[in-house]
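Undergrad: Once you've had a glance at the structure underneath, I'll fire off some questions.
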Amino acid sequence: MEISTKVTDAGVWVSMRGSLDAISGEVIQRELRSVFQHNRRSLLIDFSGVAEATPAGLRSLIPYVQQIQAQKMELILFNLNENIQKMVKNSGFDSLVVVVDSLDTAIGYALSKSLKKR
């Protein structure tokens, strides 16, 4: 799993490339620890480079969902392929995060939430 991050006005944009499974979940956990140092209201995770995901890989994000919610932040997932989107919905994970279709939609959502909280 390759992960890159970029700090933007909308939040921290995390781009992932590879498979999201139990092993890559550990890599993601290490990488996401640094995200909270940026003091942004939103964490935007780009799934466009994720071809497949397992329930164990998805569960690896749960500790960050809890931390994000405790800090009054939002986790926004976007560019999910059809299979991953179905897994997110069927698992109920979509009740913990915001799922949108594209980067533009994710940025718009994050910026609108940021403006309301000022």
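Read-outs throughout are calculated quantities, based only on the coordinates presented, and are distinct from any laboratory measurement. Please read all numbers here as calculations on a predicted model, not as lab measurements. When we count neighbours, we look across all protein chains shown, and the Cβ atoms used for this are built from the backbone with ideal geometry, even at glycine.
Undergrad: Output the number of residues of region 13-34 satisfying the condition of being over 11 Å from the mean Cα position of the chain (by Cα) and either among the aliphatic types (A, V, I, L, M) or part of a helix (DSSP H, G or I) (or both).
TA: 12
Undergrad: In region 39-118, which helices (runs of 4 or more DSSP H) lie fully inside it and hold 2 or more residues that are touching a residue at least 40 places away in the same chain (Cβ under 8 Å) and either buried (at least 17 other Cβ atoms within 10 Å of the Cβ) or on the phi < 0 side of the Ramachandran plot (or both)?
TA: Answer list for region 39-118: 103-116.
Undergrad: Next question, about the same structure. Please work out which one of (1) within 15 Å of the chain's Cα centre (by Cα); (2) farther than 15 Å from Ser15 by Cβ; (3) of a type in the set (A, V, I, L, M) is the condition Ile45 fails and give its number.
TA: (2)
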